[in-house]
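One structure below.
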Amino acid sequence: MFMTRDEFLAWPRKAITLLGMSGVGKTTLANKLPRERWFHYSGDYRIGTKYLEEPILDNIKRQAMQVGFLRDLLRTDSIYIASNITIDNLHPISTFLGKIGRPEAGGLPLGEFKQRQRLHRDAEAAAMKDVEAFIDKAKEIYGYDYFLNDAGGSICEIDDDEMLRVLSERTLILYLRAGPDMEQELIRRAIRDPKPLYYREDFLDSRLVTYLQQEGLSTPEEIEPDRFVRWIFPELVQHRRPRYEAMAERYGYTVEARELAAVRDEVSFLELVATAIDRRQHAP
């Protein structure tokens with residue numbers, strides 16, 4: 001959605017999608033907006049509580065069934081298992097995605113890993129398409145005029161025309177671009193605490209070939225899971241950067257991550273967006 005600065009500021013039912021790599025500051029920025037005025041839609045929360053709820057619970061139950069004490073209780077319906085996913089706690093989604101590599105080190109076989117990746121891809125696309133309905137529900141049911149879509153860090157990996165139509169027609173897309181310093185900080189965090197990630201299958205396949213050759217390994221099942229995540233993350237940053245920039249160029253606006261430090265409240269957030277609109281409108 002494109003508009004002028006004045007049109008944006010006068011827009012009575014603002015709806016904004018935040019794009020950017022995980023860790024760049026999307027959720028922190030969203031939390032600076034008053035909850036009584038802004039409906040906060042988390043794509044990851046929707047994924048975990050709607051589209052991957054059953055696979056996540058099945059994964060937890062499989063682990064529990066390996067413990068004799070819990071197995072007996074589950075088989076006699078003496079206990080039940082639920083995941084406590086919140087906007088601030090998305091750990092159950094990460095545990096479902098998992099990491100590729102040696103089973104004894106907590107890794108997943110390649111086939112199982114790819115199947116979970118595909119489920120996550122489809123769930124993320126569906127969650128973003130739901131934005132259209134939630135903009136209307138936020139107003140009709142809860143009385144919110146303003147809507148903020150906190151999109152997942154892997155959205156740039158998904159080729160889905162309907163998803164892009166919904167986001168570009170119903171929301172203003174704002175890309176939070178990580179500069180070189182921020183990218184290096186994201187890499188340092190990933191090395192310090194390697195987390196499960198989503199990868200496009202073609203990207204994963206090409207990097208696996210390189211990694212196995214470098215490490216002298218025969219199969220993905222020999223990989224040390226955390227070691228592989230540390231190795232591939234800088235490659236993932238480079239891979240996603242141009243995909244995000246292409247989305248922003250075609251559908252929205254860009255702000256630098258360093259500009260987020262000046263955002264203190266709703267007023268300064270709206271000024272940030274208006275400035276991004278001005279920059280694009282007057283770019284040579």
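Right, residue 58: loosely packed, with under 11 Cβ neighbours inside 10 Å and among the acidic types (Asp, Glu) or not? For residue 58, the condition - loosely packed, with under 11 Cβ neighbours inside 10 Å and among the acidic types (Asp, Glu) - is not met.
Number of residues in segment 205-239 that are over 19 Å from residue 95 (Cβ atoms), among the acidic types (Asp, Glu) and touching a residue at least 60 places away in the same chain (Cβ under 8 Å) equals 2. Of the listed requirements (1) within 30 Å of residue 145 (Cβ to Cβ); (2) at pLDDT below 95; (3) surrounded by 18 or more Cβ atoms within 10 Å (Cβ to Cβ), residue 196 misses just one: (1).
Within the group 27, 17, which residue is in a helix (DSSP H, G or I) and of a type in the set (S, T, N, Q)?
Only one candidate passes the filter, namely 27.
Against the test of being within 27 Å of residue 20 (Cα to Cα) and surrounded by 21 or more Cβ atoms within 10 Å (Cβ to Cβ), the options 108, 148 yield a single qualifying residue, 148.
Answer yes or no as to whether residue 274 is touching a strand residue (DSSP E or B) at 6+ places or on another chain (Cβ under 6 Å) and touching a residue at least 24 places away in the same chain (Cβ under 8 Å). For residue 274, the condition - touching a strand residue (DSSP E or B) at 6+ places or on another chain (Cβ under 6 Å) and touching a residue at least 24 places away in the same chain (Cβ under 8 Å) - is not met.
Looking at the structure I just gave you, is residue 183 acidic (Asp, Glu) and within 15 Å of residue 21 (Cβ to Cβ)? So that I can check it myself, show each step before the final result.
Details: acidic (Asp, Glu): yes; within 15 Å of residue 21 (Cβ to Cβ): yes.
Considered against the rule, which asks whether it is acidic (Asp, Glu) and within 15 Å of residue 21 (Cβ to Cβ), residue 183 comes out as yes.
Put simply, of 208, 212, 270, 217 the only residue that is outside any helix (DSSP H, G or I) and either more than 22 Å from the chain's Cα centre (by Cα) or over 24 Å from residue 17 (Cβ atoms) (or both) is 217.
Residue 178 falls short on exactly one of the conditions (1) crowded, with 19+ Cβ neighbours inside 10 Å; (2) over 19 Å from residue 28 (Cα atoms), and that condition is (2).
Look at residue 121 and say whether it is in contact (Cβ under 8 Å) with a residue 60 or more places away in the chain and over 30 Å from residue 219 (Cβ atoms). No. In segment 81-98, of all residues being among the aliphatic types (A, V, I, L, M) and under 20 Å from the mean Cα position of the chain (by Cα), the one that is surrounded by the fewest Cβ atoms within 10 Å (Cβ to Cβ) corresponds to 87. Of the residues making up segment 162-182, those that are assigned to a helix (DSSP H, G or I) and either at pLDDT 95 or above or not acidic (Asp, Glu) (or both) are 162, 163, 164, 165, 166, 167, 168, 169, 170, 180, 182.
Listed by first and then second residue, the pairs linking a residue in segment 138-150 that is under 12 Å from residue 172 (Cα atoms) to a residue that is part of a loop (DSSP other than H, G, I, E, B) and of a type outside the set (Lys, Arg), with Cβ atoms under 7 Å apart and 6 or more places separating them unless they lie on different chains, are 148/33; 149/171. Among the conditions (1) farther than 21 Å from residue 1 by Cβ; (2) part of a strand (DSSP E or B); (3) of a type outside the set (A, V, I, L, M), the only one that residue 35 does not satisfy is (2). Would you point out which residue out of 261, 246 is among the small types (Gly, Ala, Ser) and at pLDDT below 95? Answer to the check: 261.
Does residue 78 count as surrounded by 13 or more Cβ atoms within 10 Å (Cβ to Cβ), out of contact with any Gly (no Cβ under 8 Å at 6 or more places or on another chain) and among the hydroxyl-bearing types (Ser, Thr, Tyr)?
Working: surrounded by 13 or more Cβ atoms within 10 Å (Cβ to Cβ): no; out of contact with any Gly (no Cβ under 8 Å at 6 or more places or on another chain): yes; among the hydroxyl-bearing types (Ser, Thr, Tyr): yes.
Answer is no for this residue.
For (1) at pLDDT 90 or above; (2) closer than 28 Å to residue 147 by Cα, each residue gets a yes or a no:
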site	(1), (2)
34	yes, yes
62	no, no
87	no, yes
97	yes, no
102	yes, no
127	yes, yes
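When the residues of segment 97-108 are filtered to those that are touching a residue at least 60 places away in the same chain (Cβ under 8 Å) and part of a helix (DSSP H, G or I), the one that is farthest from residue 29 (Cα to Cα) is 103.
The values are calculated or read from the model by the stated rules, or taken from the named source; none is laboratory data. Just so you know, these numbers come straight off a predicted model, no measurement behind them. Cβ atoms come from the backbone with ideal geometry, glycine included; neighbour counts cover every protein chain shown.
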